[in-house]
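Below is one structure, written out as C-alpha coordinates, with a few remarks after it.
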Amino acid sequence: MRRVYVCGIGATPIGEHWELSLRDLMVLAAKKALEDSTLTKRDIEAVYIGNMSSGILQGQEHLGSLFATWFGIPGVSAQKCEAACASGGVAFHQAFLAVASGMYDVVVAMGVEKMSDGNTYDVTSALIMADDQEYVAFTGSSFVGLNALIYRRYMEKFNVKHEDIAMFAVHDHKYAVNNPLAQYRKAVTLETVLNSPIVADPLRLFECAPIGDGAAAVILCSEEVAKKYKSDRLVEVIASSVATDILSLHNRKDIVTLNATKLAMNKALKMSKIDLKDIDIVELHDAFTILGVIHLEDMGFAEKGKGWMLVKDGEIEKDGKIPTNLMGGLKARGHPVGATGIYEVIDVVTQLRGEGGRNQVDDAEIGLAQNVGGVGGTVTINLFRRL
Amino acid sequence: MNTFINSVPRSWRERKYKYRLIGGICKKCNATFYPYRGSCPYCGSDDIEEVNLPKKGRLISYTIIYSPPSEFRLKQPYIVGLIELEDGTRIIAQITDVDVNEVKDGIEVEAVFRRYREQGADGIIEYGIKFRPISD
Ligand SMILES: [Zn+2]
(Lines give C-alpha, C1' and ligand atoms only; values in the text may rest on other atoms or scores of the structure.)
Protein backbone atom coordinates (compact mmCIF):
# COMPACT_ATOMS: atom_id res chain seq x y z
CA MET A 1 0.00 0.00 0.00
CA ARG A 2 1.13 3.53 -0.77
CA ARG A 3 1.27 6.36 1.75
CA VAL A 4 -1.68 8.76 1.65
CA TYR A 5 -1.72 12.45 2.61
CA VAL A 6 -4.33 15.14 3.21
CA CYS A 7 -3.21 18.17 1.20
CA GLY A 8 -6.36 20.29 1.25
CA ILE A 9 -9.41 20.91 3.43
CA GLY A 10 -12.53 23.05 3.00
CA ALA A 11 -16.07 23.24 4.32
CA THR A 12 -19.11 25.46 4.51
CA PRO A 13 -20.20 26.72 7.90
CA ILE A 14 -22.93 24.42 9.30
CA GLY A 15 -26.37 25.94 9.69
CA GLU A 16 -29.76 26.49 8.12
CA HIS A 17 -28.60 27.58 4.68
CA TRP A 18 -31.93 28.63 3.21
CA GLU A 19 -30.13 30.26 0.28
CA LEU A 20 -27.99 27.23 -0.61
CA SER A 21 -28.99 23.97 -2.31
CA LEU A 22 -27.49 20.50 -1.93
CA ARG A 23 -25.35 21.05 -5.03
CA ASP A 24 -24.34 24.58 -3.99
CA LEU A 25 -23.03 23.19 -0.70
CA MET A 26 -20.97 20.50 -2.44
CA VAL A 27 -19.48 22.95 -4.94
CA LEU A 28 -18.59 25.47 -2.22
CA ALA A 29 -16.83 22.88 -0.06
CA ALA A 30 -14.91 21.38 -2.97
CA LYS A 31 -13.82 24.82 -4.17
CA LYS A 32 -12.47 25.72 -0.73
CA ALA A 33 -10.62 22.41 -0.37
CA LEU A 34 -9.11 22.71 -3.82
CA GLU A 35 -7.96 26.29 -3.13
CA ASP A 36 -6.41 25.12 0.12
CA SER A 37 -4.52 22.38 -1.75
CA THR A 38 -3.39 24.75 -4.55
CA LEU A 39 -4.21 21.94 -7.01
CA THR A 40 -6.55 22.47 -9.97
CA LYS A 41 -9.80 20.83 -11.00
CA ARG A 42 -7.93 18.96 -13.72
CA ASP A 43 -5.87 17.15 -11.11
CA ILE A 44 -8.93 15.44 -9.59
CA GLU A 45 -9.27 11.81 -10.65
CA ALA A 46 -12.00 10.49 -8.35
CA VAL A 47 -14.66 11.77 -5.95
CA TYR A 48 -16.36 9.91 -3.07
CA ILE A 49 -19.38 11.68 -1.57
CA GLY A 50 -20.75 10.73 1.83
CA ASN A 51 -24.49 11.35 2.08
CA MET A 52 -27.32 9.65 3.89
CA SER A 53 -30.67 11.16 2.96
CA SER A 54 -30.51 13.21 -0.25
CA GLY A 55 -33.12 10.91 -1.80
CA ILE A 56 -35.75 11.19 0.88
CA LEU A 57 -35.04 14.81 1.94
CA GLN A 58 -34.16 16.39 -1.42
CA GLY A 59 -35.60 14.01 -4.01
CA GLN A 60 -32.10 13.75 -5.41
CA GLU A 61 -29.80 10.77 -5.92
CA HIS A 62 -26.86 10.20 -8.29
CA LEU A 63 -24.73 12.73 -6.44
CA GLY A 64 -21.49 11.67 -8.13
CA SER A 65 -22.53 12.78 -11.58
CA LEU A 66 -24.49 15.75 -10.19
CA PHE A 67 -21.39 17.07 -8.44
CA ALA A 68 -19.07 16.36 -11.36
CA THR A 69 -21.45 18.25 -13.65
CA TRP A 70 -21.94 21.30 -11.44
CA PHE A 71 -18.29 21.49 -10.42
CA GLY A 72 -17.26 21.24 -14.06
CA ILE A 73 -15.27 18.02 -13.93
CA PRO A 74 -17.40 15.54 -15.92
CA GLY A 75 -15.51 12.40 -16.82
CA VAL A 76 -13.97 11.70 -13.40
CA SER A 77 -14.87 8.67 -11.34
CA ALA A 78 -17.53 9.87 -8.86
CA GLN A 79 -20.02 8.18 -6.52
CA LYS A 80 -22.11 8.50 -3.40
CA CYS A 81 -21.22 6.40 -0.35
CA GLU A 82 -23.86 5.64 2.28
CA ALA A 83 -23.61 4.22 5.79
CA ALA A 84 -26.18 6.37 7.61
CA CYS A 85 -24.39 8.91 9.86
CA ALA A 86 -21.06 7.24 9.01
CA SER A 87 -21.44 8.07 5.30
CA GLY A 88 -18.67 10.69 5.46
CA GLY A 89 -16.34 8.26 7.20
CA VAL A 90 -16.87 5.50 4.66
CA ALA A 91 -16.47 7.98 1.77
CA PHE A 92 -13.12 8.97 3.30
CA HIS A 93 -12.16 5.31 3.63
CA GLN A 94 -12.95 4.67 -0.05
CA ALA A 95 -10.93 7.74 -1.07
CA PHE A 96 -8.05 6.52 1.09
CA LEU A 97 -8.15 3.08 -0.56
CA ALA A 98 -8.24 4.68 -4.01
CA VAL A 99 -4.94 6.48 -3.37
CA ALA A 100 -3.33 3.76 -1.23
CA SER A 101 -4.00 1.15 -3.92
CA GLY A 102 -2.06 3.11 -6.49
CA MET A 103 -5.12 3.63 -8.66
CA TYR A 104 -5.32 7.43 -8.31
CA ASP A 105 -3.01 10.24 -7.15
CA VAL A 106 -5.54 12.97 -6.35
CA VAL A 107 -8.93 12.12 -4.87
CA VAL A 108 -11.68 14.16 -3.20
CA ALA A 109 -13.46 12.78 -0.12
CA MET A 110 -16.57 14.81 0.52
CA GLY A 111 -19.69 14.75 2.65
CA VAL A 112 -22.94 16.66 2.27
CA GLU A 113 -26.37 16.82 3.87
CA LYS A 114 -29.19 19.26 3.21
CA MET A 115 -31.66 18.83 6.07
CA SER A 116 -33.30 22.16 6.85
CA ASP A 117 -35.80 22.08 3.96
CA GLY A 118 -37.76 19.29 5.64
CA ASN A 119 -39.94 19.62 8.73
CA THR A 120 -38.77 17.93 11.92
CA TYR A 121 -41.23 15.00 11.57
CA ASP A 122 -39.98 14.17 8.08
CA VAL A 123 -36.33 14.51 9.09
CA THR A 124 -37.08 12.20 12.04
CA SER A 125 -38.57 9.68 9.58
CA ALA A 126 -35.48 9.93 7.39
CA LEU A 127 -33.07 9.41 10.29
CA ILE A 128 -34.72 6.26 11.67
CA MET A 129 -33.97 4.66 8.29
CA ALA A 130 -30.50 4.17 9.78
CA ASP A 131 -32.06 1.24 11.66
CA ASP A 132 -34.27 -1.71 10.61
CA GLN A 133 -37.38 -0.34 8.85
CA GLU A 134 -39.34 -3.58 9.25
CA TYR A 135 -38.77 -4.32 12.93
CA VAL A 136 -37.57 -1.09 14.56
CA ALA A 137 -38.81 1.96 12.62
CA PHE A 138 -42.16 0.13 12.50
CA THR A 139 -42.51 0.51 16.29
CA GLY A 140 -42.52 4.30 16.04
CA SER A 141 -39.16 4.69 17.73
CA SER A 142 -37.21 7.71 16.55
CA PHE A 143 -33.45 7.52 16.15
CA VAL A 144 -33.21 9.66 19.27
CA GLY A 145 -35.41 7.07 20.99
CA LEU A 146 -32.93 4.24 20.31
CA ASN A 147 -30.16 6.27 21.90
CA ALA A 148 -32.49 7.00 24.80
CA LEU A 149 -32.80 3.23 25.38
CA ILE A 150 -29.01 3.04 25.63
CA TYR A 151 -28.94 6.11 27.91
CA ARG A 152 -31.43 4.77 30.48
CA ARG A 153 -29.75 1.36 30.53
CA TYR A 154 -26.33 2.96 31.02
CA MET A 155 -27.49 5.14 33.94
CA GLU A 156 -29.10 2.17 35.63
CA LYS A 157 -26.31 -0.32 35.03
CA PHE A 158 -23.48 1.93 36.24
CA ASN A 159 -25.49 4.10 38.62
CA VAL A 160 -24.53 7.33 36.83
CA LYS A 161 -26.47 10.59 37.16
CA HIS A 162 -28.11 12.30 34.19
CA GLU A 163 -26.17 15.53 34.79
CA ASP A 164 -22.82 13.75 34.65
CA ILE A 165 -23.57 12.59 31.12
CA ALA A 166 -25.29 15.81 29.99
CA MET A 167 -22.01 17.67 30.72
CA PHE A 168 -20.78 16.55 27.32
CA ALA A 169 -23.07 19.10 25.64
CA VAL A 170 -21.66 21.91 27.80
CA HIS A 171 -18.16 20.84 26.75
CA ASP A 172 -19.02 20.92 23.03
CA HIS A 173 -20.63 24.35 23.18
CA LYS A 174 -17.66 25.81 25.04
CA TYR A 175 -15.31 24.92 22.18
CA ALA A 176 -17.69 25.73 19.33
CA VAL A 177 -17.52 29.40 20.35
CA ASN A 178 -14.14 29.64 18.61
CA ASN A 179 -14.96 27.56 15.53
CA PRO A 180 -16.08 29.74 12.59
CA LEU A 181 -17.70 26.68 10.94
CA ALA A 182 -19.82 25.75 13.98
CA GLN A 183 -23.62 25.89 13.96
CA TYR A 184 -23.94 27.12 17.56
CA ARG A 185 -21.11 29.41 18.63
CA LYS A 186 -22.52 29.99 22.05
CA ALA A 187 -21.69 28.54 25.47
CA VAL A 188 -24.49 26.88 27.45
CA THR A 189 -24.86 25.95 31.12
CA LEU A 190 -25.67 22.51 32.47
CA GLU A 191 -28.91 23.96 33.75
CA THR A 192 -29.93 25.01 30.23
CA VAL A 193 -29.18 21.52 28.94
CA LEU A 194 -31.11 19.75 31.70
CA ASN A 195 -34.10 22.08 31.42
CA SER A 196 -34.46 21.87 27.64
CA PRO A 197 -37.51 19.99 26.25
CA ILE A 198 -37.53 16.19 26.25
CA VAL A 199 -37.16 14.70 22.76
CA ALA A 200 -37.15 11.02 23.78
CA ASP A 201 -36.96 10.49 27.51
CA PRO A 202 -34.36 10.80 29.06
CA LEU A 203 -32.72 12.64 26.14
CA ARG A 204 -33.22 16.41 26.21
CA LEU A 205 -33.08 18.66 23.15
CA PHE A 206 -29.73 20.16 24.20
CA GLU A 207 -28.21 16.69 24.43
CA CYS A 208 -28.96 15.92 20.78
CA ALA A 209 -27.01 17.04 17.72
CA PRO A 210 -29.04 19.64 15.80
CA ILE A 211 -30.49 19.49 12.30
CA GLY A 212 -28.35 21.46 9.88
CA ASP A 213 -26.98 21.84 6.36
CA GLY A 214 -23.36 21.57 5.38
CA ALA A 215 -20.72 20.13 3.09
CA ALA A 216 -17.08 19.37 3.78
CA ALA A 217 -14.29 18.18 1.49
CA VAL A 218 -10.72 17.00 1.83
CA ILE A 219 -8.19 16.35 -0.91
CA LEU A 220 -6.14 13.18 -0.56
CA CYS A 221 -2.94 12.66 -2.52
CA SER A 222 -0.12 10.19 -3.06
CA GLU A 223 3.49 10.68 -1.95
CA GLU A 224 4.49 11.72 -5.45
CA VAL A 225 2.03 14.63 -5.41
CA ALA A 226 2.84 15.36 -1.76
CA LYS A 227 6.49 16.06 -2.60
CA LYS A 228 5.64 19.50 -3.95
CA TYR A 229 4.26 20.71 -0.62
CA LYS A 230 6.07 22.15 2.36
CA SER A 231 5.71 19.62 5.17
CA ASP A 232 3.64 21.92 7.39
CA ARG A 233 0.83 21.77 4.81
CA LEU A 234 0.64 17.99 4.87
CA VAL A 235 -0.92 15.50 7.23
CA GLU A 236 -0.43 11.77 6.70
CA VAL A 237 -3.33 9.32 6.99
CA ILE A 238 -1.71 6.61 9.12
CA ALA A 239 -4.78 4.39 9.38
CA SER A 240 -8.28 4.12 8.00
CA SER A 241 -10.66 1.42 9.19
CA VAL A 242 -14.33 0.50 8.99
CA ALA A 243 -16.17 -2.08 11.11
CA THR A 244 -19.80 -3.13 11.40
CA ASP A 245 -21.96 -4.50 14.21
CA ILE A 246 -25.37 -6.17 14.35
CA LEU A 247 -27.74 -3.46 13.08
CA SER A 248 -30.32 -3.26 15.86
CA LEU A 249 -30.04 -3.03 19.63
CA HIS A 250 -32.44 -5.90 20.38
CA ASN A 251 -30.13 -8.39 18.68
CA ARG A 252 -27.08 -7.24 20.65
CA LYS A 253 -26.12 -8.81 23.95
CA ASP A 254 -24.79 -5.57 25.44
CA ILE A 255 -26.40 -2.27 24.42
CA VAL A 256 -24.02 0.04 26.31
CA THR A 257 -20.97 -1.01 24.28
CA LEU A 258 -20.57 -0.27 20.58
CA ASN A 259 -18.56 -3.25 19.46
CA ALA A 260 -17.81 -1.77 16.04
CA THR A 261 -15.84 1.02 17.74
CA LYS A 262 -13.65 -1.57 19.45
CA LEU A 263 -13.12 -3.49 16.22
CA ALA A 264 -12.36 -0.41 14.10
CA MET A 265 -10.05 0.92 16.80
CA ASN A 266 -8.07 -2.33 16.98
CA LYS A 267 -7.70 -2.41 13.21
CA ALA A 268 -6.57 1.23 13.11
CA LEU A 269 -3.99 0.83 15.90
CA LYS A 270 -2.56 -2.25 14.21
CA MET A 271 -2.41 -0.54 10.83
CA SER A 272 -0.72 2.61 12.15
CA LYS A 273 1.54 0.72 14.59
CA ILE A 274 0.90 3.30 17.28
CA ASP A 275 -0.33 2.88 20.87
CA LEU A 276 -3.47 4.37 22.32
CA LYS A 277 -1.36 6.67 24.49
CA ASP A 278 0.27 8.18 21.39
CA ILE A 279 -3.02 9.81 20.38
CA ASP A 280 -2.97 13.54 21.18
CA ILE A 281 -6.44 14.65 20.09
CA VAL A 282 -9.79 12.99 19.42
CA GLU A 283 -12.87 13.96 17.42
CA LEU A 284 -15.65 11.56 18.39
CA HIS A 285 -19.19 11.08 17.17
CA ASP A 286 -21.33 12.39 20.03
CA ALA A 287 -24.65 12.68 18.21
CA PHE A 288 -26.07 12.37 21.75
CA THR A 289 -24.31 13.11 25.04
CA ILE A 290 -24.45 9.47 26.11
CA LEU A 291 -22.58 8.42 22.97
CA GLY A 292 -19.68 10.74 23.76
CA VAL A 293 -19.26 8.98 27.08
CA ILE A 294 -19.59 5.49 25.60
CA HIS A 295 -17.13 6.21 22.78
CA LEU A 296 -14.44 7.29 25.24
CA GLU A 297 -14.85 3.87 26.88
CA ASP A 298 -15.04 1.77 23.72
CA MET A 299 -11.97 3.47 22.22
CA GLY A 300 -10.08 2.50 25.37
CA PHE A 301 -9.61 5.88 27.06
CA ALA A 302 -11.77 4.90 30.05
CA GLU A 303 -13.08 1.76 31.71
CA LYS A 304 -16.65 0.72 30.91
CA GLY A 305 -19.04 2.78 33.00
CA LYS A 306 -16.44 5.47 33.74
CA GLY A 307 -16.21 7.55 30.56
CA TRP A 308 -18.23 10.36 32.15
CA MET A 309 -15.49 10.82 34.75
CA LEU A 310 -13.04 11.98 32.06
CA VAL A 311 -15.51 14.75 31.22
CA LYS A 312 -16.13 15.64 34.86
CA ASP A 313 -12.41 15.69 35.73
CA GLY A 314 -11.55 17.98 32.82
CA GLU A 315 -9.51 15.31 31.03
CA ILE A 316 -11.13 15.97 27.63
CA GLU A 317 -10.38 19.70 27.80
CA LYS A 318 -7.71 21.39 25.68
CA ASP A 319 -5.09 20.87 28.42
CA GLY A 320 -6.43 17.51 29.64
CA LYS A 321 -5.11 13.99 29.18
CA ILE A 322 -7.12 13.31 26.04
CA PRO A 323 -8.36 16.57 24.40
CA THR A 324 -11.66 15.74 22.69
CA ASN A 325 -14.09 17.52 20.35
CA LEU A 326 -12.09 20.73 20.38
CA MET A 327 -14.08 22.31 17.55
CA GLY A 328 -17.52 21.79 19.10
CA GLY A 329 -18.37 18.15 18.43
CA LEU A 330 -21.63 17.05 16.88
CA LYS A 331 -23.72 18.94 19.42
CA ALA A 332 -22.37 22.43 18.70
CA ARG A 333 -20.23 22.29 15.56
CA GLY A 334 -23.23 20.54 14.09
CA HIS A 335 -24.18 17.25 12.45
CA PRO A 336 -25.22 17.47 8.78
CA VAL A 337 -25.42 13.69 8.87
CA GLY A 338 -23.52 12.45 5.80
CA ALA A 339 -21.00 15.29 6.03
CA THR A 340 -20.05 14.82 9.68
CA GLY A 341 -17.32 12.24 9.08
CA ILE A 342 -15.50 14.73 6.84
CA TYR A 343 -16.01 17.68 9.23
CA GLU A 344 -14.35 15.53 11.90
CA VAL A 345 -11.36 14.88 9.62
CA ILE A 346 -11.11 18.61 8.94
CA ASP A 347 -11.20 19.39 12.66
CA VAL A 348 -8.35 16.94 13.31
CA VAL A 349 -6.26 18.16 10.35
CA THR A 350 -6.79 21.78 11.44
CA GLN A 351 -5.36 20.94 14.86
CA LEU A 352 -2.43 18.96 13.45
CA ARG A 353 -1.54 21.86 11.19
CA GLY A 354 -1.55 24.12 14.25
CA GLU A 355 -4.44 26.19 12.90
CA GLY A 356 -6.85 25.60 15.79
CA GLY A 357 -6.69 29.24 16.92
CA ARG A 358 -7.86 29.68 20.50
CA ASN A 359 -8.71 25.96 20.67
CA GLN A 360 -5.26 24.81 19.53
CA VAL A 361 -3.75 21.94 21.54
CA ASP A 362 -0.03 22.41 22.17
CA ASP A 363 2.14 20.26 19.97
CA ALA A 364 -0.57 17.91 18.71
CA GLU A 365 1.07 15.28 16.52
CA ILE A 366 -1.40 12.40 16.19
CA GLY A 367 -5.19 12.78 15.90
CA LEU A 368 -8.17 10.44 15.68
CA ALA A 369 -11.55 10.89 13.99
CA GLN A 370 -14.37 8.47 14.83
CA ASN A 371 -17.56 8.45 12.75
CA VAL A 372 -20.57 6.33 13.72
CA GLY A 373 -23.51 5.15 11.61
CA GLY A 374 -26.84 4.27 13.20
CA VAL A 375 -26.58 3.05 16.78
CA GLY A 376 -23.07 1.78 16.02
CA GLY A 377 -23.99 -0.45 13.06
CA THR A 378 -21.00 1.10 11.28
CA VAL A 379 -17.96 2.78 12.83
CA THR A 380 -15.01 4.30 11.02
CA ILE A 381 -11.73 5.28 12.64
CA ASN A 382 -9.22 7.43 10.81
CA LEU A 383 -5.82 8.29 12.28
CA PHE A 384 -3.62 11.20 11.20
CA ARG A 385 -0.07 12.32 11.87
CA ARG A 386 1.52 15.68 11.16
CA LEU A 387 4.81 15.55 9.29
CA MET B 1 -43.28 11.41 3.41
CA ASN B 2 -44.18 7.79 4.10
CA THR B 3 -44.63 6.71 0.47
CA PHE B 4 -41.84 4.18 1.01
CA ILE B 5 -44.02 2.10 3.29
CA ASN B 6 -47.42 2.67 1.68
CA SER B 7 -47.56 -0.76 0.17
CA VAL B 8 -50.14 -3.51 0.66
CA PRO B 9 -47.80 -6.27 -0.55
CA ARG B 10 -45.17 -5.10 1.88
CA SER B 11 -47.50 -5.45 4.88
CA TRP B 12 -48.73 -8.81 3.56
CA ARG B 13 -45.16 -10.05 3.10
CA GLU B 14 -44.11 -9.02 6.60
CA ARG B 15 -47.21 -10.26 8.45
CA LYS B 16 -45.87 -13.60 9.61
CA TYR B 17 -43.17 -12.27 11.95
CA LYS B 18 -44.94 -9.04 12.79
CA TYR B 19 -48.17 -10.70 13.89
CA ARG B 20 -46.56 -13.51 15.86
CA LEU B 21 -43.49 -13.86 18.06
CA ILE B 22 -41.58 -16.25 15.82
CA GLY B 23 -37.84 -16.14 16.25
CA GLY B 24 -34.89 -18.16 15.07
CA ILE B 25 -32.78 -20.61 17.04
CA CYS B 26 -29.26 -21.36 15.86
CA LYS B 27 -28.53 -25.09 15.86
CA LYS B 28 -24.81 -24.38 16.08
CA CYS B 29 -24.41 -21.77 18.86
CA ASN B 30 -27.87 -22.13 20.41
CA ALA B 31 -28.61 -18.39 20.22
CA THR B 32 -32.18 -17.23 19.74
CA PHE B 33 -33.21 -14.01 18.05
CA TYR B 34 -36.23 -12.10 16.85
CA PRO B 35 -37.33 -12.09 14.10
CA TYR B 36 -36.44 -15.33 12.32
CA ARG B 37 -33.80 -15.15 9.58
CA GLY B 38 -31.83 -17.76 7.71
CA SER B 39 -28.37 -16.94 9.08
CA CYS B 40 -27.24 -16.55 12.69
CA PRO B 41 -26.18 -12.94 13.44
CA TYR B 42 -23.73 -14.24 16.07
CA CYS B 43 -21.89 -17.20 14.50
CA GLY B 44 -22.95 -17.02 10.86
CA SER B 45 -24.39 -20.55 10.77
CA ASP B 46 -27.12 -21.20 8.21
CA ASP B 47 -28.63 -23.98 10.28
CA ILE B 48 -31.53 -22.07 11.82
CA GLU B 49 -34.96 -23.27 12.90
CA GLU B 50 -38.06 -21.28 13.63
CA VAL B 51 -39.06 -21.11 17.28
CA ASN B 52 -42.15 -19.80 19.04
CA LEU B 53 -40.89 -17.25 21.54
CA PRO B 54 -42.38 -16.77 25.02
CA LYS B 55 -45.10 -14.15 25.23
CA LYS B 56 -43.98 -12.79 28.57
CA GLY B 57 -40.90 -10.87 29.53
CA ARG B 58 -39.35 -7.96 31.36
CA LEU B 59 -38.73 -4.34 30.37
CA ILE B 60 -34.95 -3.81 30.10
CA SER B 61 -35.08 -0.16 29.04
CA TYR B 62 -37.64 2.26 27.62
CA THR B 63 -38.06 5.71 26.18
CA ILE B 64 -41.01 8.05 25.81
CA ILE B 65 -41.20 9.54 22.33
CA TYR B 66 -42.19 13.22 22.30
CA SER B 67 -40.85 14.04 18.82
CA PRO B 68 -42.02 11.21 16.53
CA PRO B 69 -41.41 10.30 12.89
CA SER B 70 -44.09 11.65 10.53
CA GLU B 71 -46.02 8.33 10.39
CA PHE B 72 -46.59 8.59 14.16
CA ARG B 73 -47.36 12.29 14.25
CA LEU B 74 -50.04 13.28 16.79
CA LYS B 75 -49.67 9.93 18.59
CA GLN B 76 -47.00 11.30 20.97
CA PRO B 77 -46.22 10.77 23.75
CA TYR B 78 -45.89 7.00 23.53
CA ILE B 79 -43.54 4.45 25.03
CA VAL B 80 -41.05 2.31 23.11
CA GLY B 81 -39.31 -0.41 25.10
CA LEU B 82 -36.58 -3.01 24.88
CA ILE B 83 -38.10 -6.23 26.21
CA GLU B 84 -36.29 -9.37 27.30
CA LEU B 85 -38.57 -12.38 26.87
CA GLU B 86 -38.51 -15.24 29.36
CA ASP B 87 -36.00 -17.21 27.27
CA GLY B 88 -33.61 -14.23 26.98
CA THR B 89 -34.55 -13.19 23.43
CA ARG B 90 -34.98 -9.43 23.06
CA ILE B 91 -37.37 -7.33 21.01
CA ILE B 92 -38.14 -3.63 20.55
CA ALA B 93 -41.86 -2.78 20.70
CA GLN B 94 -44.32 -0.22 21.99
CA ILE B 95 -45.44 -0.52 25.59
CA THR B 96 -49.18 0.00 25.87
CA ASP B 97 -51.96 0.17 28.46
CA VAL B 98 -49.77 2.13 30.85
CA ASP B 99 -49.47 5.86 31.53
CA VAL B 100 -46.17 7.45 30.47
CA ASN B 101 -45.71 8.60 34.08
CA GLU B 102 -46.10 5.11 35.46
CA VAL B 103 -43.85 3.01 33.26
CA LYS B 104 -40.76 1.64 35.04
CA ASP B 105 -37.67 -0.40 34.20
CA GLY B 106 -37.91 -4.03 35.17
CA ILE B 107 -41.70 -4.40 35.04
CA GLU B 108 -43.15 -7.70 33.81
CA VAL B 109 -44.92 -7.42 30.46
CA GLU B 110 -46.92 -9.62 28.09
CA ALA B 111 -47.48 -9.50 24.33
CA VAL B 112 -50.74 -8.17 22.86
CA PHE B 113 -51.86 -7.62 19.27
CA ARG B 114 -52.42 -3.94 18.49
CA ARG B 115 -52.66 -1.25 15.81
CA TYR B 116 -49.35 0.44 14.91
CA ARG B 117 -49.73 2.82 11.99
CA GLU B 118 -51.93 3.70 9.02
CA GLN B 119 -50.81 3.94 5.42
CA GLY B 120 -52.27 7.41 4.95
CA ALA B 121 -55.98 8.36 5.15
CA ASP B 122 -57.08 5.84 2.51
CA GLY B 123 -54.51 3.08 3.06
CA ILE B 124 -54.56 -0.07 5.12
CA ILE B 125 -53.88 -0.23 8.85
CA GLU B 126 -50.71 -1.97 10.01
CA TYR B 127 -50.90 -4.16 13.10
CA GLY B 128 -48.24 -5.78 15.22
CA ILE B 129 -47.16 -6.87 18.67
CA LYS B 130 -47.04 -4.48 21.62
CA PHE B 131 -46.43 -5.31 25.27
CA ARG B 132 -48.51 -4.37 28.30
CA PRO B 133 -47.71 -4.61 31.99
CA ILE B 134 -48.92 -7.79 33.68
CA SER B 135 -51.16 -6.72 36.55
CA ASP B 136 -50.75 -8.70 39.74
ZN1 LIG C 1 -25.24 -19.14 15.85
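Tabulated values for the structure
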item	result
Solvent-accessible area per residue, Å², over the stretch A:116-156 with all protein chains present [probe radius 1.4 Å]	24
Chain A: antiparallel DSSP beta bridges as a percent of all, rounded to 5	70
Distance violations [Cα-Cα > 19 Å] among A:LYS157/B:LYS104; B:LYS55/B:LYS130; A:LYS230/A:LYS277; A:LYS270/A:LYS306; B:LYS16/B:LYS75; A:LYS277/A:LYS318	A:LYS230/A:LYS277; A:LYS270/A:LYS306; B:LYS16/B:LYS75
Spin-label model distance (nm) - A:SER65 vs A:MET309, 7 Å beyond Cα toward Cβ	5.6
Relative contact order of chain A, defined on C-alpha pairs under 8 angstrom at six or more residues apart (%)	26
Cα-based convex hull volume of chain A per residue, rounded to whole Å³	121
B:ASP99 versus A:MET103: modelled label distance in nm, points set 7 Å from Cα along the beta carbon direction	6.0
Built amide H within the under 5 Å cut-off of B:SER45, gap 5+	B:CYS40
Loss of accessible area when A meets B, both sides summed, Å² nearest 100, probe 1.4 Å	3600
Surface accessible to a 1.4 Å probe, per residue, for the residues of the stretch A:282-387, Å²	24
The stretch A:278-295 - phi-based ³J(HN,Hα) in whole Hz, Karplus 6.51/-1.76/1.60, Gly and Pro as x	6, 6, 8, 9, 10, 10, 10, 8, 8, 4, 9, 3, 4, 5, x, 5, 5, 5
By average C-beta atoms within 10 angstrom, highest first, the peptides B:16-24, A:260-268, A:211-219	A:211-219, A:260-268, B:16-24
Packing-based order for A:277-284, A:68-75, using average beta carbon neighbours within 10 Å, highest first	A:277-284, A:68-75
3J(HN,Hα) from dihedral phi, the stretch A:130-146, Karplus parametrisation 6.51/-1.76/1.60, rounded to Hz, x for glycine, proline	5, 10, 6, 4, 6, 10, 10, 4, 4, 6, x, 5, 8, 5, 4, x, 5
For the stretch A:256-387, diffusion coefficient by Stokes-Einstein and Kirkwood Rh (Cα), 37 °C, 0.692 mPa s, µm²/s	227
Per-residue average of Cβ from other chains inside 10 Å of A:108-118	0
Protein accessible area in the protein assembly as shown, 1.4 Å probe - carbon and sulfur %	49
The stretch B:8-133, accessible area per residue, ligands and nucleic acids excluded (1.4 Å, Å²)	48
Percentage, to the nearest whole number, of Cα pairs in the stretch B:58-108 over 15 Å apart	45
Estimated Rh, the stretch A:158-279: Kirkwood, alpha-carbon pairs, angstrom	18.7
For the stretch B:8-133: Kirkwood Rh in Å [reciprocal of mean 1/r, alpha carbons]	15.7
Bins of 10 Å from zero: percent of alpha-carbon pairs in the stretch A:309-387	18, 50, 30, 3
Shielding by other protein chains, B:84-95, mean Cβ within 10 Å	4
Average beta-carbon neighbours from other chains, 10 Å sphere, peptide A:96-103	0
Size of electric dipole in chain A: Cβ of Lys, Arg +1 and of Asp, Glu -1, about Cα centre, debye, nearest 20	580
The protein assembly as shown - mean residue ellipticity at 222 nm from DSSP helices (-39,500 (n - 2.57) per run, n ≥ 4, rounded to 500)	-8500 deg cm²/dmol
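The values are calculated or read from the model by the stated rules, or taken from the named source; none is laboratory data. In this text, all values refer to a predicted model and were calculated from it rather than measured experimentally. Backbone-built Cβ (ideal geometry, glycine too); neighbour counts: all protein chains shown. Remember, those area values only see protein heavy atoms, side chains included, never the ligands or the DNA or RNA. Shrake-Rupley method; radii C 1.70, N 1.55, O 1.52, S 1.80 Å.
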